[in-house]
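A.B. asks: Here's a structure for you.
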Amino acid sequence: MKPSLVFAAAGLLLAAPRALAGPGEVTAVSVLPSPGRAEVVIDVRGPVGYQDFTLERPARLVIDVSGAALSRTTAAYDGVNRGGIVNVRYAQFQAEVVRVVIELEALRDYSIIQSDDAIRVSFGADRTFAAWSSLEPRALAAAATSGRLASPYAAPPPLPAPVQGQPRITVTYDSASVADVMAGFAAFSGRSIILGKDVEGVVVAEIKNQPWDIAFQAILSSQGLSAQEEESGIIRVDNPQVLAARDSLEPLATRLMRINYARASGLVPAVTGILSPRGKVVADTGTNSLIITDVESRVGGVSDFVSRLDIRTPQVSIHAKLIFVDRTDIENLGVQYDLGTSSQFFNKLVQRPDPATTKGEDLDGDGVNDFFTTEPYDPAQTIVDLGGNTLSAIANAEAIIPSSALSLIFSTAIGGYTLTTFVEALQRVELADLQAEPSISTSDNTPAEILVGERTPIRIIDVSSPQGGATAPRATTQLVETGIILQVTPHVTSTRQVLMQIKAENSALREAPAELGFTFQTQRATNQILVNDGETAVIGGLTVTQLTVAKSGIPFLVDLPIIGNLFGFTTRREQRRDLLILVTPHIIDDASEVAASGR
């Protein structure tokens, strides 16, 4: 039969009523769990119809079962929140109308499916819960056994967790009764197993070399049964609804558990998930303890569960090595020329006296002045030297190499001119080698950080935010961390490997040109890597090479092949930066564990 889907919304929504087929009966109302959903099952007998609508404040879904009478029931809803269902009420609303009111945390989408023996209302649920029914426990067990009550998607409550290393069993059952099968498991395991008196069924199974507890649970699941282990060690086997009803009548017990390694508040969500609907857990931060309240038969199992959670987590020591190498090669080569006569006083490369204010003296008669004397300036004196004025100071008169390592001067006379040549050369190598080896220890799955550097105050000026109507901009100070920074979160696997989330950074503060303030030179690597205990892994490698070549000289001549270097200056600057990040984790074992293992 195609389900009728009604979406809850503000106000009142009415679905088209189903045609009344004839007299019928409502025999039970139940709330059952199923994977990811919660179901309200209205068991009916005979032909009936239904009409559904929603109400607000509080949120309610109303199901009117028409053509039906309510059979005698004894159980009222216990008030437990089951997947967002907070209450269920049912009564004979009219002569042939049974009204079922489902109170919800909030209105939500739902679906309704009607079969010959039930009307099923399904909601989405984000948590598991124990089943509830309006039947008495004895009648509930009989209904579950006959299959009239169980949801087609319902799953029994969680069974006791299998224990590793249990004896294995190989057995074949051919139409064996459930009682005989349970008696066989009790004899094989040496455990006390009590079967509910209304449990019946036939088992057909073949088990080959399986741990007995896993085989035990598989057979219970095939029969729709559940097991509950009491604190005394006795295992009770019955229908899930009967065990849930038993829990609702069982007295509560409270136990205080001191937590040694974990934080008590951090264990509360995990413990809450295994408690019965009546159970609760509270964390005492002062003593780092858990106060557990649950039914007597379950509080022992909850305590054992907490004990398995409260274990010493592995410690991991992480040794990192950051290698930063900065190498700079500088090569400069240049040639300067001076070609002129003694009258070229304006030359900047070879300084000569001003012929208008100086007088040369030639003592030996070789045509070359041996010294000069200063005379008063004579405006009427005119010196014309076309050759010298035209050819003087050619080439790179102003180009120099700062702090040159080699300077050569060559001078010769060519007729009435003097040729002077300056050769300058420089080769410099700058090498910066920075190695940082930060080490840090932390617990498993716990982030850790180490900083070796400084916190620099940076002034930030906001010109768009004047204060109090003033024109002056607002300035704030921000602290920026620079240096060697290592952030790591390790996780130790079951194979004694270490899975690490790593962030390694090397940064430095530098002044920026003009009015920009500062710049931050940063090398950073972020990675996730799996390595063995004590194994070194390279998580980051970076090489940056920057080459700058500058050439200046006499136009046209400096571009000549081979001999062009004689007419200019060449500057070659090569900068190479290498970054290498190595990480080595070590698992720190407890001293008692090391002694016990003999390592």
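A.B. asks: In whole Hz and in residue order, list the ³J(HN,Hα) couplings for region 285-302 that follow from phi through the Karplus curve 6.51 cos²θ - 1.76 cosθ + 1.60, θ = phi - 60°; x for Gly and Pro.
C.D. replies: Those phi angles translate into 5, x, 9, 6, 10, 10, 9, 10, 10, 7, 5, 4, 6, 10, 5, x, x, 5 Hz.
A.B. asks: All other residues with a Cβ under 13 Å from the Cβ of P167 taken together, and with Lys, Arg as +1 and Asp, Glu as -1, what is their net charge?
C.D. replies: +1
A.B. asks: Calculated FRET efficiency, E481 and L557, Cβ-Cβ r, R0 60 Å, to nearest 0.05?
C.D. replies: 0.65
A.B. asks: Another one. How much length would be gained if the chain were fully extended between A508 and D174, taking 0.36 nm per residue of separation minus their Cα-Cα distance, in nm to one decimal?
C.D. replies: Taking A508 through D174 to full extension adds about 112.4 nm, to one decimal.
A.B. asks: If you don't mind, another one. Considering only the other residues whose Cβ falls under 13 Å of the Cβ of T476, what net charge follows from Lys and Arg at +1 and Asp and Glu at -1?
C.D. replies: So the environment of T476 carries a net charge of +1.
A.B. asks: In nm, what is the difference between 0.36 nm times the number of residues separating T543 and E25 and their Cα-Cα distance?
C.D. replies: Net length gain for the segment: 178.2 nm.
A.B. asks: Follow-up question, since we're still on this one. Starting from the amide H of Y173, placed 1.01 Å from N in the peptide plane, find each other amide H under 5 Å away whose residue is 5 or more places distant or on another chain.
C.D. replies: A205, E206, I207
A.B. asks: If amide H atoms are built 1.01 Å from N in the plane of the peptide, which residues on other chains or at least 5 residues away come under 5 Å of the amide H of I259?
C.D. replies: HN-HN under 5 Å from I259: S289, L290.
A.B. asks: Could I ask something else about it? Among 490-498, 578-586, how do they line up from the highest to the lowest mean number of other beta-carbon atoms within 10 Å?
C.D. replies: Order by mean packing, descending: 578-586, 490-498.
A.B. asks: If ligands, DNA and RNA are left out, what is the accessible area of Y90 with a 1.4 Å probe, given in Å² to the nearest 10?
C.D. replies: Y90 has an accessible surface of roughly 40 Å² with all protein chains in place.
The values are calculated or read from the model by the stated rules, or taken from the named source; none is laboratory data. The structure presented is a predicted model; accordingly, all values stated were derived computationally and were not measured. Here Cβ is always computed from backbone atoms with ideal geometry, including for glycine, and neighbour counts include all displayed protein chains. All accessible areas refer to the heavy atoms of the entire protein, side chains included, with ligands and DNA or RNA removed. Shrake-Rupley method; radii C 1.70, N 1.55, O 1.52, S 1.80 Å.
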